[in-house]
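These notes concern the structure reproduced below.
The values are calculated or read from the model by the stated rules, or taken from the named source; none is laboratory data. Everything quoted here is computed from the prediction, not taken from an experiment. A quick note on method: Cβ atoms are made from the backbone with ideal geometry, for glycine too, and the neighbour counts reach across all protein chains shown. Just the protein is used for accessible areas: all its heavy atoms, side chains included, with ligands, DNA and RNA removed. Shrake-Rupley method; radii C 1.70, N 1.55, O 1.52, S 1.80 Å.
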Amino acid sequence: MRTFATWLFRVLLAIAVVVPFEAFAAGPSLRQGLAAIERQDFARAAAILGPLAQAGNPDAQAYMGYMYEIGRGEPQNYTQAALWYRRAAEQGQSWAQFKLGMLYNLGHGVPPDSVEAEKWLILSTAASPPLGAEDRRRMRDAVRR
């Protein structure tokens, strides 16, 4: 499990690097929240990102979903993770669309639903940054089968 969490954390950091600079224009608070995640200070990250997520920031919402999903900074709760991912995904946040699709595929926090999973994975793949596009295509195709 630790290996998966380490891998997921590295993927998140790679995604954060390719996210357009405009995503960080919300102010230093989002940057501070992401820096806290990078330091693995998830309690601090939740304290910073929670209010931003409540205010509607899709990037903060996606990271709150991640923290609920892995149980860092917040108790592990797939239902809460799905709620935060959905809020971000509905605003077009590509990574949240991917994560929501995977939750539907696995039935974590939401009923298993291959149609919903494929829908979110298709949207995510279409909006994917070049660095993650191939991986998302493979996951989308695997869920489709």
*Where a ≥ b ≥ c are the square roots of the eigenvalues of the C-alpha gyration tensor, would you call the stretch 80-145 rounded, which needs a/c under 1.5, or, failing that, prolate if a/b is larger than b/c, or oblate?*
oblate
_Protection-proxy order for peptides 87-93, 77-83, each taking the mean of Cβ atoms within 10 Å per residue, highest first_ = 87-93, 77-83
_Calculated FRET value between ASP141 and GLU38, using beta carbons and R₀ = 35 Å, to 0.05_ = 0.65
*In whole percent, how big is the carbon plus sulfur part of the accessible area of the stretch 25-145, probe 1.4 Å, protein atoms only?*
51 percent
*How far apart, in nm, are two points set 7 Å out from the Cα along the Cα-to-Cβ line at THR79 and at GLU134?*
4.0 nm
*asked:* Keeping all protein chains in place and using 1.4 angstrom, which order do LYS99, LYS119 fall into by accessible surface area, from largest down?
replied: LYS119, LYS99
